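Here is the structure we will look at.
The values are calculated or read from the model by the stated rules, or taken from the named source; none is laboratory data. These numbers were taken from a predicted model, which means no experiment stands behind them. All Cβ positions, even for glycine, are placed from backbone atoms using ideal geometry, and neighbour counts span all protein chains on display. When the accessible area is computed, the model is the full protein with side chains, heavy atoms only, and any ligands, DNA or RNA have been set aside. Shrake-Rupley method; radii C 1.70, N 1.55, O 1.52, S 1.80 Å.
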Amino acid sequence: MRVRAAVLEEFGSPLSIQEVDLAEPKAREVLVRLAACGVCHTDLYTASGADPTGYAPCVLGHEGAGVVERVGDGVTLVAPGDHVITLFAPECGKCVHCLSDRTNRCIAIREQQGLGYLPDGTTRLSRDGEPLRHFMGTSTFAEYTVMPEIALAKVNPEAPLDGCAPFACGLSTGIGAALYTARVEPGSTCVVFGCGLVGLGAVIGCRLAGAERIVAVDLSEERLGQARHHGATDTRVAADDTVDWIRSETGGFGADYTFEATGLVGVMRQAVESAREDWGLATMCGVAGKGEVLGIVPRFLITGRRVTGSSFGGVKGRSQVPPLVDRWLAGEIDVDSLLSHRLTLDEVNRGFELMEAQDGIRSVIAFD
């Protein structure tokens, strides 16, 4: 079938909206009609050329939600008509990582996915007879996509699909960082650096976990207002003395949990230094640029602080994303306030511009 898609032709250039060919799903693959797709920083990061694992040409997009149209042979996890969220972090349920509660990094299809192919080493996308690579196993900047069944989370059909889209990456990453990676304890003190979608998700996750004090740090007063709306008890405009201020507010020790959601190594260091000595945990959610290095003074570690990374918030996609959507439907998460701009596929580059200008929280492409 012919579908319209946003193609990354070369790094540093605007995405090109064009028609490409999409083949039918093969065994254990699913054809999804996209209803909505968030414009995520990871797409911009790859398009800019800053991602050391990036490749072009390919069809970008990974924060998608839609409806199953057709399934290939052997598919048992979803059926036509199901509402689904696309998962760049699949969950096969059988590999050594899926069977462990210590990680969500399924290894079943990782090798081919990282190269831009589906599990059998080929693509379903093509242009003028030549293969066109997928992105993060999803390629959701398109009207339709074909994906492995283990990379789809079936969700409640009552959930509006434009609101489901952010759960495919940014929102789940932030919420999960608090609930599943750091495992925030009730009554604790948390600090979140950066109040974009991931950071606001971390604020939400800390609130859901029962944190007593949640401090949000950002340069934008508007985003700090959003943080208060989603559960932050304290907000502070980022400054050179942020670490000293956090320590002064915590008896000189630091916060029990800190979360970094900016991708800036300088802020990552602040998150480490703001964590409580003896047991503080600093969780890194942001993605730094190519070649950047995080420098940590060893004294901050030997006095008990810990540092960890968080991929997709530690969320196991098929089993743990649907319950997060249910918590939204139950009124525990205000998703609507996070959807700041609704765009068409033709406006995808405008989505990147809005992101760079920090205009709003999440732009969402709506498909007809």
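Within the accessible area of the chain, what % is carbon and sulfur when the probe is 1.4 Å and the other protein chains stay in place? The value for the chain is 49 percent carbon and sulfur by accessible area.
Estimated from the Cβ-Cβ distance and a Förster radius of 30 angstrom, the FRET efficiency linking residue 96 and residue 248 is about 0.10.
Could you pull out the longest piece of the chain with no exposed loop GluC sites (Glu not before Pro) in it, calling a site exposed if DSSP puts it outside H, G, I, E, B and it has at most 14 other Cβ atoms within 10 Å? In short, 11-157. Summarising the label geometry, the points placed 7 Å from Cα in the beta-carbon direction at residue 356 and residue 10 lie 1.7 nm from one another. Kindly identify segment 161-252 as rounded, prolate or oblate by the Cα gyration tensor criterion: order the square roots of the eigenvalues as a ≥ b ≥ c, call it rounded if a/c is under 1.5, otherwise compare a/b with b/c, prolate if a/b is larger, else oblate. It is oblate, given that a/c is not under 1.5 and a/b is not larger than b/c. In plain terms, the C-alpha convex hull of segment 34-104 casts an average shadow of 6.8 nm² when viewed from every direction. For the chain, the relative contact order is 18 percent, taking Cα pairs closer than 8 Å that sit 6 or more residues apart in sequence and dividing their mean separation by the residue count. Does anyone have the angle between helix 265-274 and the longest principal axis of the chain? Alpha-carbon axes, 0 to 90°, nearest 10? The angle comes out near 40 degrees. Sorted into 5 angstrom bins from 0, the C-alpha pair distances of segment 214-293 split as 3, 16, 24, 26, 20, 8, 3, 0 percent. Sorted largest first, the spans of the alpha carbon positions of the chain along the three principal axes are 64, 40, 37 Å. D for segment 180-317, whole µm²/s, Stokes-Einstein with Kirkwood Rh over alpha-carbon pairs at 37 °C and 0.692 mPa s: what number? D, rounded to a whole number, is 226 µm²/s.
The aspartates and glutamates whose alpha-carbon is closer than 18 Å to the alpha-carbon of residue 154, local same-chain residues fewer than 8 away aside, are 29, 63, 69, 82, 91, 162, 326. A Förster radius of 30 Å combined with the Cβ-Cβ distance from residue 220 to residue 290 puts the calculated FRET efficiency at roughly 0.70. Put the Cα centre of segment 1-67 next to the Cα centre of segment 206-257 and the gap is 35 Å.
Among the trypsin sites (Lys or Arg not before Pro) in segment 176-274, those placed in a DSSP loop whose Cβ has at most 14 other Cβ atoms within 10 Å are 183.
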